[in-house]
Amino acid sequence: MRFALKGLWTLAISIASVAVFAQEQIIPVTTAENSMVLKVDQQKNLSILYYGRKLGNNNEYGLIPQAYKQTSDYTEVADAAYTASGSRNLLEPAITVTHADGNNSLDLRYVQHEQKDLGNGVSQLSILLKDPVYNFQVTLFYKSYFKQDVIEQWAVIRHAEKSNVLLHKYASANLHIKAKSFWLTQYHGDWAKEMQPETSKLTHGIKTLDSKLGTRANLFQPSVFMVSLDKPSTEDEGTVLYGALEYSGNFKTDLELDYQNNLRIISGINNYASAYTLKPNEDFVTPGFLYTLSHEGKGSASRRLQDWARNYKVLDGKKDRLTLLNNWEATYFDFDENKLKELIKDTRKLGVDLFLLDDGWFANKYPRNGDVAGLGDWAPNKKKLPNGIGTLVKEAANNQVKFGIWIEPEMVNPKSELYEQHPDWVIKQPLRAEHYFRNQLVLDLSNPKVQDFVFKVVDDLFAKNGELAYIKWDCNAVIYNAHSAYLKNQSHFYIEYMRGLYNVLKRIRSKYPTVPMMLCSGGGGRVDYGALEYFTEFWPSDNTDPLERIFMQWEYSYFYPAIASANHVTDWGKQPIKFRTDVAMMGKLGFDIVVNHLSEKDLQYCQDAIKQYNSFKDIVWFGQQYRLANPAEGDIASMAYINEEKSKGVIFNYLVNNRYGSGSIYPVRLKGLDRAAKYRITEICLYPGSKTSIDESKSYSGEFLMTIGFNPVLNAQRTSVVLMIEKI
Ligand code: DGJ
């Protein structure tokens, strides 16, 4: 084995021009608290030496391996920074290829690296790896965000072989972590049941999180996950890694507990039905794999990720958002111009910023009067809207509100003019029966003509209605019968679909950089940090029952900031309007109700709550979020948002159990305050005519509130309590 290696290595010298007997080299990627330490050994293997709390002295990283007495690594590449297959490796690879000459082996050795300071607390390390035998290379990128302890990692794969190389697997990243045990928190779901958590101890072998749905890839399982090291982390204790793939299509994350008891995490685009033929000198750029590591539990990891998302990822993550009234649940498909004009007046009456016209406004030959027809025919329906959209935009302006519109431009109903005119634009197997998801099919975005069409749907809306202020971009169907009439190589289908989607979104954003867009997917089937570069917010679920939403929003909030979570007050659930509104205020507030069905007092509550929300929304959107009482663990839920100065915060409290006697028996311990400061707590968002049960005359030290706590007095009569805390 050694001889063979030496033989390969002679070739490596000529390709990589490096000295065989060079010293080991350590390359640390350092953030505020952690270090991902890479090592180049004498044979130029690049491995992960360590990922964990950083050490003050870089020279001591070299001492780490001798502290572990694990079984031998026969291959010497079990800890590879990017595991190639077909040579020595015996574990799950990051990359698998068939070279131009039919050979299946790959060996990647370090050639050089470059570290760049990108400013604004961001650095980028790139490491070039090459195969000593084949003219094949991978460049690994590590973009690190110092303050937030976040790393984005991706790979660029390229070759200069005589003809095409087949990529069977092409992961974004490959981590290698040491701990005594590993606890995975993953999510599963379905329509109206998104983000259901499950935690389990990882056992030996491979646990795979993946999606093969094509579009709305998160419906059954999102790519976000947590891994606790040594023991399950709690909100404030324990070491926990968060991971997510920045990609909206099929993904695959393998968590392999190997024979040495180390955890290998390999994440990237799902290679399912997707072998990729890479031409000479073509770059295959993988999406980013995002991760962060906290030693103070899940709460701190989430605050870092939220901070990172607002500062660097979510479109306009530090800017304002619009509150809105949506007509979906108020009318479904049953509306006309007059009805909408009334709803626009209601928007003003309610006091929100924008009226959002949902599904059902388009298509003439096959009118969109239900979900069975019309998708794809984006001309206003003449019967419902004889004067087009423009008149509604004007009506909104007359009422001093803005106007937004729903589209689902990636989709088509078979009953549509679009389908009749362009059957070859539709994803389907030519020789098999069509199979529908919500009576619709997906358009083939790998086809540039379809990309142009989808872009034009949006562009035309703006061309005709310059004052359009918001887009809700829906995506209800998954991809069945994956086949493109346009592509020559069907194995490229899933990848080219996503490239097509991102191309369209890039075009939209270069022409309309700031218009707010909601990422909706027949509920919450699509949120990820690949898409959120283009969207200002996402729709977590069609399930807006506030009790369910408390749980769902809790889980989403580990990975996404409140500003990006579109929460609407609807008629789902049995809770009073106050409860429904309060839950929706823990994010970006919207309404989807019939305003004139509200009682006088309910309407007044909503109007007052919107005013209050406008006064504290900056704290919810840009402050630090602290989870105080977990609804999954007791009778109550409590969530706080505290501003950066620790001088003001909003605390939302709910009763989540209606059994006899349930309530806030114990005080809720606050977090994120200044220990030495004095605070006053008042109850806000009171229902008209009701009085608080809280003694607002008292003041408390931060120390008291974080040690003993505060009782929001939740009980069967007070199921939702919003508190304002202010430094005196
Ligand atoms: C699914 C979305 O999640 C809903 O909010 C609504 O927009 C419908 N689609 C419209 O068809």
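The values are calculated or read from the model by the stated rules, or taken from the named source; none is laboratory data. What you are looking at is a predicted structure, and each value in this text was computed from that prediction instead of being measured. Quick reminder, even Gly has a Cβ in these numbers, built from the backbone with ideal geometry, and neighbours come from all protein chains shown. Keep in mind that these areas ignore ligands, DNA and RNA; they rest on the heavy atoms of the full protein, side chains included. Shrake-Rupley method; radii C 1.70, N 1.55, O 1.52, S 1.80 Å.
Of the heavy-atom accessible surface of the chain (probe 1.4 angstrom), what whole percent is carbon and sulfur?
Values: 14170 of 28160 Å².
The computed percentage sits at 50.
Heavy atoms of the protein only, probe of 1.4 Å, neighbouring chains included. What is the accessible area of TRP572 in Å², nearest 10?
Per-residue accessible area (TRP572): approximately 70 Å².
Give the calculated FRET efficiency between ALA632 and ALA192 to the nearest 0.05, with a Förster radius of 25 Å applied to their Cβ-Cβ distance. Before the final figure, lay out each step's value.
Numbers: r = 18 Å, r/R0 = 0.73.
Efficiency for this residue pair is about 0.85.
If you add up the charges near SER647, with Lys and Arg at +1 and Asp and Glu at -1, over every other residue whose beta carbon is less than 10 angstrom from its beta carbon, what do you get?
So the surrounding residues net to -1.
What's the FRET efficiency of SER599 with ILE206 using the Cβ-Cβ distance as r and R₀ = 60 Å, to the nearest 0.05?
On the way: r = 56 Å, r/R0 = 0.93.
Once rounded, the FRET efficiency stands at 0.60.
Counting only DSSP beta bridges with both residues in the chain, tell me the antiparallel percent, nearest 5.
Counting only bridges with both partners in the chain, antiparallel ones make up about 85 percent.
Given the pairs LYS162/LYS449; LYS180/LYS212; LYS313/LYS506, which span a C-alpha to C-alpha distance of over 21 angstrom in this model?
Over 21 Å apart, Cα to Cα: LYS162/LYS449; LYS180/LYS212.
Return one quarter of the surface area of the convex hull spanned by the alpha-carbon atoms of segment 629-728, equal to its mean projected area, in nm².
Seen from a random direction, the Cα hull of segment 629-728 projects 6.3 nm² on average.
So what J values fall out for segment 666-679 if you push phi through Karplus, 6.51 cos²θ - 1.76 cosθ + 1.60 with θ = phi - 60°, rounded to Hz, Gly and Pro as x?
With coefficients 6.51, -1.76 and 1.60, one gets 9, x, 9, 6, 7, 9, x, 9, 8, 3, 7, 7, 9, 10 Hz.
At what distance in nm do the modelled label points of TYR74 and ALA716 sit from each other, each positioned 7 Å from its Cα along Cα→Cβ?
In this crude spin-label approximation the distance works out to 6.6 nm.
Pairs of alpha-carbon atoms within less than 8 angstrom and 6+ residues apart define the contacts here; what relative contact order does the chain have, in percent?
Result for the chain is 9 percent.
Normalised by the number of residues in segment 491-641, what is the relative contact order in percent for Cα pairs under 8 Å and 6+ residues apart?
With pairs under 8 Å counted, the relative contact order is 15 percent.
What does the accessible area per residue of segment 623-728 come to in Å², with a 1.4 Å probe and no ligands, DNA or RNA counted?
48 Å²
Once the Cβ-Cβ distance between GLN112 and SER163 is put in as r, and R0 is 30 Å, what FRET efficiency do you end up with, to the nearest 0.05?
Plugging the Cβ-Cβ distance into 1/(1 + (r/R0)^6) gives 0.65.
If each residue of separation counts as 0.36 nm, what is the full-extension length gain between ALA676 and LEU90 once their alpha-carbon separation is subtracted? It would help to have the intermediate numbers written out before the result.
On the way: separation 586, 0.36 × 586 = 210.96 nm, distance 5.64 nm.
Full-extension gain reported as 205.3 nm.
Averaging the inverse of every distinct alpha carbon separation and then flipping it gives the Kirkwood radius. What is it for segment 2-313, in angstrom units?
20.0 Å
Can you give me the relative contact order of segment 625-727 as a percent, contacts being Cα pairs under 8 Å and 6 or more apart?
Taking the mean separation of contacting Cα pairs over the length of segment 625-727, I get 34 percent.
Take the Cα pairs of segment 194-324, get the Kirkwood Rh, then feed it into Stokes-Einstein at 25 °C and 0.890 mPa s and tell me D in µm²/s. Mind dumping the intermediate values first?
Details: Rh = 16.8 Å.
In µm²/s, the coefficient rounds to 146.
Counting only Cα atoms, I'd like the Rg/Rh figure for the chain, Kirkwood definition for Rh.
With Rh from the inverse mean 1/r over Cα pairs, Rg/Rh is 0.99.
Out of residues 5 or more away from LYS54 or on other chains, whose amide H comes under 5 Å of its own, with H placed 1.01 Å from N in the peptide plane?
Distant-sequence amide H within range of LYS54: ASN34, SER35.
Compute the distance from the alpha-carbon center of segment 389-427 to that of segment 605-654, in whole Å.
36 Å
What base-10 log of the normalised intensity I(q)/I(0) is obtained for segment 328-393 from the Debye formula, alpha carbons as equal point scatterers, at q = 0.12, 0.16 Å⁻¹?
Once normalised to I(0) and log-transformed, intensities are -0.29, -0.51.
Provide, as a two-decimal number, the C-alpha radius of gyration of segment 496-643 over 2.2 N^0.38 Å, N being how many residues it has.
Expressed relative to 2.2 N^0.38 Å, the Cα Rg reads 1.12.
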